[in-house]
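The values are calculated or read from the model by the stated rules, or taken from the named source; none is laboratory data. Everything numeric in this text was worked out from a predicted model, so none of it was measured. All Cβ positions, even for glycine, are placed from backbone atoms using ideal geometry, and neighbour counts span all protein chains on display.
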Amino acid sequence: MPTLTLIEAVTLALDHEMGRDKEVVILGEDVGRNGGVFRATDGLQDKYGDQRVLDTPLAEAMIAGLSIGMATQGMKPVAEIQFMGFVFPALNQILGAAARMRNRTRGRLHLPMVVRMPYGGGIHAPEHHSESTEAIFAHTPGLRVVVPSNPSRAYGLLLAAIRDPDPVIFLEPKRIYRIVKHEIEDDGEAYPLDTCFVDRQGDDVTFVAWGAMMHETLLAAEMLAKEGVSAEVIDLATVAPYDVETIIESVEKTGRCVIVAEAVRTGGVASDIAAELAERCLLSLIAPVGRVTGYDTIMPYAKLEGRYLPSVDRIADEARKVMAFS
Amino acid sequence: MTDFKLPDLGEGLPDAEIVQWLVAEGDRIEEGQPMVEMSTAKAVVEIPSPYTGTVVKLHGGPGEVIDTGAVLITFALEGEEITASEKAEVLSTSDRQDELAESAGTDEPDLGEVFLLPDLGEGLPDAEIVQWLVAEGDAVEEGQDMVEMSTAKAVVEVPAPFTGTVSKLFGQAGDVIQTGKPLVAIATGAAPKAKTDTESEPQGKQKASEKAASVVGAMEVGDQIKAESTIGADGIKTGAAVRALARKRQIDLGTLAGTGPDGEVTLADVRAAPDGRTATASEVPQAQRQAAGKAGTGAPIGPAARSLAGSLGIDPSDIAPTGPRGSVSKQDVLETARSRMSGGARPVQSSGDASLAAGKGIKAAPKVRAYARDLGLDIRAARASGPQGSVTTGDVDVALKAANEALLGDFRAGGAYKRPERAYEVSGRAERLVGPRRVMSQAMAKASSEVCHTSLFDQADIAGWAEGSDITGRIMRAVIAASMVEPAINAWFDGKSLEKTIHQEVHLGVAVDSPKGLFVPVIKNADSLAPDDLRAELNRLRTAIADGSIKAAEMSGGTLTLSNFGMIAGRFATPIVMPPEVAIIGIGGLFNQLVLVGEYVEEHRHMPVSLTFDHRAATGGEAARFLAAMIVDLSLNF
């Protein structure tokens, strides 16, 4: 079995699905001849030709609009936005058209399309290359928002996203593109969507994280284990619609929950999970629900991004805070 | 011909934008003659010609951004002969850097492998060297970081593509290297290999990019191989995704025979199994699951009820639940507490704010009870916030304050409120401004449109002043002192001629409020008057305003103005600076503030000081120094 990084797993999934399904096309800026800004589509144009791997002009609204058009005709476009910060011109298409097409046509049209975007900070890039605005998409009914946290999940979830009959926003945490490798068999087995993955079992506190933050959160859980705190770690994976049942079940067991997110603090997915727990889990909670997040500021430049992003220490500290309640 | 490269314009900035050319191609130019206006992020800079000669080529038009170090202009020096072909060559070369880089790449045969700057995965045309991590002559290992390159989007560490010895660095920190151009040469010991411009060889470019393909941004790269599948507490080897799918489809993993390596249960195994073989946790009613959960062995209980039970020393599992979802309510907690009271004791009140429990049942230290008794407060009125639900002295204070507030409320309700009478007659009609008010209106509008107002606020601790100090006298003294420490504020500025006059004397204008309007009499040569004379002169001018005998000459020529609005109200302000003056000082109302003195808190009197200045004429530093000098002078206790 090959050992692959997250970005290589993305390429493998794209390659697999293009080979399996002739309706799958890839489009975006520099995805063809250049192989993609992060090399996600490296070699695919050579393999499948420029009719199926399209270099587009620098026009995100057009990339999204073209994908919608293709999808209405039964194709399965997989669009790439170079950085999540560049998606804003395409929001009118994605939020205003793609998310609503099924509803608007009363089910007559649906859009089997995927919009892939590298997202999140930690690579010393400018602010609009570093932010985490998944809440914008999660707040829009009709979109599925999926974030893999390791190479296996990138492969399995991207396959599922492409096969899904409706639009999926596939956010790739670029900081962990190459941080670990997984042995991945190219068996075409898709992972289930709309479900959390429990990565570590524990009794004292439930961590919920997604994307790159899973890396720090698992390290924090290991650190806490040495202090005698048993942490359960849940990878949200599908950020919208998210699997609240798994989280509730875990929090009913542990009585404490800390949510870790890279995004700004206010109005985010972390806040939403905390609200669900307050409504549905109150009687099981021993401590207030904790959040470890970025701050309500524009993502800072390289020198400060380490302070902005939740660190292992900040995550562990928040867990110690909720552990003070008994 | 001679190239002039864009120098660092003193800002350490990477580039500058051409605003406009002041010369044209073919023009004769003298050394020192301005040839171009360049705009950096901070300023527009005129660049003088370094040579005398003729302009052959301008490398860029208005609006174009030129990198620091890139060629800006090509000259023919005086007396230099230029052939037509040379001229044509210059005019046709759009980017001299290309040539330089190319010659560097091809003309040195003994360097070993020349590594070309790969496309750093951004599709960008070039990247800037941030710093070299190796030097010429260093041995490098394949994969070792050689250099930090900055693209417009990220800082990228470029690893060595092969093991060898660095024979040449094709640029220094700050240099911009184009994609596909030589970056570094490494002698590998193998036969040297000359490389040519790979722009015309896509294959070669692909190769170069592959060598550094793992670097985009300062991205952490790891070789650690992690497993997605592990053996869980149930002894089943599988991955989290398989468990999630099984859970979703209500399949007990224990009933499946894994077909993966080492009996691992795979996604396919779960998909092959029929749905919902056995009930899983998600089918168990929530209340039941909660009962088994962490929150307690008894019925579920909300945080507020749990906290109350804790403060009353009751174990929640001993309480009979009557709340929603089978939970223990606060009422349940109180009922339990009540039933535990010995007969004859007062029943526990609900958690209203008056009392929590019978005086006998109240937890409080003897000294707290004594404190409440001395104040005439029934301790049952205090709300317990101390350890184990005990009443603290703070709680007694809060209860006493609430009792007093209630009394005060009664008093206010009973007293007769009387609205003030209108202070003077008003006509209710529009009336044209005359006299000082008209002058003020016009002068303020003009000054406000002309001056670049900037304000600083601070406060002086005047706790050390002797009883009965002359406040206005001290303020005037401080203004004069500050004019010595930082003369730049005691000045006139002419916005048209851009002339600034820093005065040797202080002619201090003092804003005086009068029924006729605003007057600003000027104390001439305030800096040479003794304190008593200063005060006497101010009093004389005030009297002159009051009786109408003030002369125009007595209200002009000021070099600095003082406004003591705080005598009426206001703490900080941004009054208008009246040109040609450069600043106005505002003094706000005195106030008391708690100050940490060593380890003690003391109540000190403070004087707020506002300094508004014309930023066309003075720097922030000058203004701040002036203000600091005032604060120091005001804070002196002598």
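Annotations for the structure displayed:
- Evaluation of B:ALA544 against (1) of a type in the set (Gly, Ala, Ser); (2) touching a residue at least 40 places away in the same chain (Cβ under 8 Å); (3) surrounded by 16 or more Cβ atoms within 10 Å (Cβ to Cβ) (one fails), failing number: (2)
- Failed item in (1) within 14 Å of another protein chain (Cβ to nearest Cβ); (2) in contact (Cβ under 8 Å) with a residue 40 or more places away in the chain; (3) out of contact with any Ser or Thr (no Cβ under 7 Å at 6 or more places or on another chain), with A:PRO57 passing the rest: (2)
- Meets criteria (within 14 Å of another protein chain (Cβ to nearest Cβ) and more than 14 Å from the chain's Cα centre (by Cα)) for A:ALA97: no
- Taking the criterion of being surrounded by fewer than 16 Cβ atoms within 10 Å (Cβ to Cβ) and either within 12 Å of B:ARG477 (Cα to Cα) or in contact with a Gly (Cβ under 8 Å, 6 or more places away or on another chain) (or both), the residues of segment B:523-532 that qualify are B:SER528, B:ALA530, B:PRO531, B:ASP532.
- Restricting B:LEU529, B:LEU498, B:LEU534 to residues that are among the hydrophobic types (A, V, I, L, M, F, W, C), touching a residue at least 60 places away in the same chain (Cβ under 8 Å) and assigned by TED's automatic domain parsing to the domain that holds B:THR559 narrows the list to B:LEU534.
- Qualifying residue in segment A:209-222 (condition: farther than 21 Å from A:LEU6 by Cβ and out of contact with any helix residue (DSSP H, G or I) (no Cβ under 6 Å at 6 or more places or on another chain)): no
- Which listed residue is closer than 24 Å to B:GLY435 by Cα, hydroxyl-bearing (Ser, Thr, Tyr) and in contact with a Leu (Cβ under 8 Å, 6 or more places away or on another chain), from B:THR561, B:THR543: B:THR561
- When B:ASP513 is tested against (1) assigned to a strand (DSSP E or B); (2) more than 15 Å from B:PRO436 (Cβ to Cβ), only condition (2) is not met.
- Failed condition for A:GLU245, given (1) without any contact (Cβ under 8 Å) to a residue 60 or more places away in the chain; (2) closer than 20 Å to B:GLY232 by Cα; (3) not β-branched (Val, Ile, Thr): (2)
- Picking from residues in segment B:145-173 that are out of contact with any strand residue (DSSP E or B) (no Cβ under 6 Å at 6 or more places or on another chain) and among the polar types (S, T, N, Q), the one that is surrounded by the most Cβ atoms within 10 Å (Cβ to Cβ) is B:THR163.
- Checking the stated criteria, B:LYS193 turns out not to satisfy the condition of being touching a helix residue (DSSP H, G or I) at 6+ places or on another chain (Cβ under 7 Å) and modelled with pLDDT under 85.
- Considered as a group, the residues in segment A:45-62 that are of a type in the set (Gly, Ala, Ser) and under 26 Å from A:LEU95 (Cβ atoms) include one that is surrounded by the most Cβ atoms within 10 Å (Cβ to Cβ), and that residue is A:ALA61.
- The listed residue being over 15 Å from the mean Cα position of the chain (by Cα), of a type in the set (D, E, K, R) and part of a helix (DSSP H, G or I), out of A:ARG108, A:ARG102: A:ARG102
- Candidates A:GLU252, A:GLU318, A:GLU305, filtered to the one that is more than 23 Å from A:GLY202 (Cβ to Cβ) and more than 19 Å from the chain's Cα centre (by Cα): A:GLU305
- Scanning segment A:269-284 for residues being in contact with a Gly (Cβ under 6 Å, 6 or more places away or on another chain) and buried (at least 20 other Cβ atoms within 10 Å of the Cβ) gives a total of 2.
- Segment A:162-267 holds strands (runs of 3 or more DSSP E) entirely within its bounds, and those carrying 2 or more residues that are within 11 Å of another protein chain (Cβ to nearest Cβ) and touching a strand residue (DSSP E or B) at 6+ places or on another chain (Cβ under 8 Å) map to A:181-183, A:197-200, A:205-209, A:231-235.
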